[in-house]
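A.B. asks: Here's a structure for you.
The values are calculated or read from the model by the stated rules, or taken from the named source; none is laboratory data. Because the structure is predicted, anything quoted here is derived from the model rather than measured. Every residue, glycine among them, receives a Cβ derived from its backbone with ideal geometry; neighbour counts consider all protein chains shown. With ligands, DNA and RNA removed, areas are computed over all heavy atoms of the protein, side chains included. Shrake-Rupley method; radii C 1.70, N 1.55, O 1.52, S 1.80 Å.
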Amino acid sequence: IVAGIDLSATSNLAISSVLAAAVMTLDGGPFAGAPGWLAIIMGVLTFVAVGGALGALNGACTTKFNMPPFIVTLTTMMFFSGLAIWVTTLLTSDGSSIGNLPAGFAFLGQGRIAGLPFSLLIALVVCVGAHVVLSRTLYGRWLFAIGVNPRAAEVSGVPVRKVVFWAYVICGACAGIAAILYTARLETGSPVLGQRILLDVVGAAVIGGV
């Protein structure tokens, strides 16, 4: 909507999956021996925090240093994909993935409520939230105004840099939520999570008219 792009979404999935799995793992993680629900909560917070932090990095480079978003997110995509693999090799013997996650965590990606996949319900909540923000809030109107003409929006009093920065943060946080569902479905933190879906991610946005 703001005429930007985020190519780092898939590497965001990978690094979020690895770090959150390291937090949740029951054999050596910081919550080893703690109740499973506590490990799950801290893991979910880690997913969103890591995703949002990576989005903040993209947003800062784009808005503070006026770097092209294509170059910024392409660079972070390559860097964090490699970082995810490196972290996994440090934490595991085979360097392939991080397993032994709390049993209840798998419900987020595999469970059902009233016959509907729980992951679908999470996706619907995110979609409804995005729709409300875009159509019913001042921030949503600012996003569209920037996409039409950023210079005119700035002259009109829209804090363009701040709005774009938070757009990247939100994008990163959404990638973190997607990482929760992927990791829960696979029941493992993988450094190659989402490696083959970049075209799907970008294509969905383009075909959807964003």
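A.B. asks: Counting only trypsin sites (Lys or Arg not before Pro) that sit in a DSSP loop (anything but H, G, I, E, B) with at most 10 other Cβ atoms within 10 Å, what is the longest stretch of the chain containing none of them?
C.D. replies: Result, exposed sites excluded: 65-195.
A.B. asks: Share of the chain's accessible area from carbon and sulfur, percent, 1.4 Å?
C.D. replies: Carbon plus sulfur share of accessible area: 71 percent.
A.B. asks: So, one more: If each DSSP helix of 4+ residues adds -39,500 (n - 2.57) and the sum is divided by the residues in the chain, what number results at 222 nm, nearest 500 deg cm²/dmol?
C.D. replies: The per-residue figure over the chain is -22500 deg cm²/dmol.
A.B. asks: Also, I was wondering about something else. Quick check on region 80-138: take the gyration tensor over C-alpha atoms, sort the square-rooted eigenvalues as a ≥ b ≥ c, and tell me if it's rounded (a/c under 1.5), prolate or oblate.
C.D. replies: oblate
A.B. asks: Here is a follow-up. I'd like the Karplus ³J(HN,Hα) series for region 198-210: coefficients 6.51, -1.76, 1.60, θ = phi - 60°, whole numbers in Hz, and an x wherever there's a Gly or Pro.
C.D. replies: So the J values, rounded to whole Hz, are 4, 5, 5, 5, 5, x, 4, 5, 5, 5, x, x, 5.
A.B. asks: Which ³J(HN,Hα) values in Hz, rounded to whole numbers, follow from the phi angles of region 173-187 under the Karplus curve 6.51 cos²θ - 1.76 cosθ + 1.60, where θ = phi - 60° and Gly and Pro get x?
C.D. replies: Residue by residue, region 173-187 yields 5, 5, 5, x, 5, 4, 5, 4, 5, 5, 5, 5, 5, 7, 6 Hz.
A.B. asks: Can you give the local net charge around Tyr168? Use residues other than it whose beta-carbon is closer than 14 angstrom to its beta-carbon, Lys and Arg +1, Asp and Glu -1.
C.D. replies: +2
A.B. asks: Another question, if that's okay. Could you tell me the calculated FRET efficiency between Asn100 and Leu45, based on Cβ-Cβ distance and R0 = 25 angstrom, to the nearest 0.05?
C.D. replies: Calculated transfer efficiency: 0.80.
A.B. asks: Give me the distance in nm between label points sitting 7 Å out from Cα along the Cα-to-Cβ direction at Arg185 and His131, one decimal.
C.D. replies: Roughly 2.2 nm, to one decimal.
A.B. asks: Then there is this: Just to confirm the number: angle between the C-alpha axis of helix 118-136 and the first principal axis of the chain, 0 to 90 degrees, nearest 10?
C.D. replies: In the chain, helix 118-136 runs at an angle near 20 degrees to the longest axis.
A.B. asks: Zone of Leu74 (label point 7 Å along Cα→Cβ, backbone N under 17 Å): which residues in region 170-210?
C.D. replies: Residues passing the 17 Å test: 198-199, 202-203.
A.B. asks: Among rounded, prolate and oblate, which fits region 42-114 when a ≥ b ≥ c are the square roots of the eigenvalues of its C-alpha gyration tensor, a/c under 1.5 means rounded, and a/b larger than b/c means prolate?
C.D. replies: Judged from the Cα gyration tensor, region 42-114 comes out oblate (a/c at least 1.5, b/c at or above a/b).
A.B. asks: Which FRET efficiency value, to the nearest 0.05, do you get for Ser156 and Leu198 by plugging their Cβ-Cβ distance into 1/(1 + (r/R0)^6) with R0 = 45 Å?
C.D. replies: Calculated transfer efficiency: 0.80.
A.B. asks: Angle, helix 36-63 long axis vs. longest principal axis of the chain, Cα atoms, 0 to 90°, nearest 10?
C.D. replies: Approximately 30 degrees, to the nearest 10.
A.B. asks: Just subtract the alpha-carbon distance of Gln110 and Ile207 from 0.36 nm times their residue separation and send over the number in nm, one decimal.
C.D. replies: Answer, rounded to one decimal: 32.1 nm.
A.B. asks: Please give the per residue accessible area of the chain, computed with a probe of 1.4 Å over protein heavy atoms only, in Å².
C.D. replies: Roughly 53 Å² per residue, with all protein chains present.
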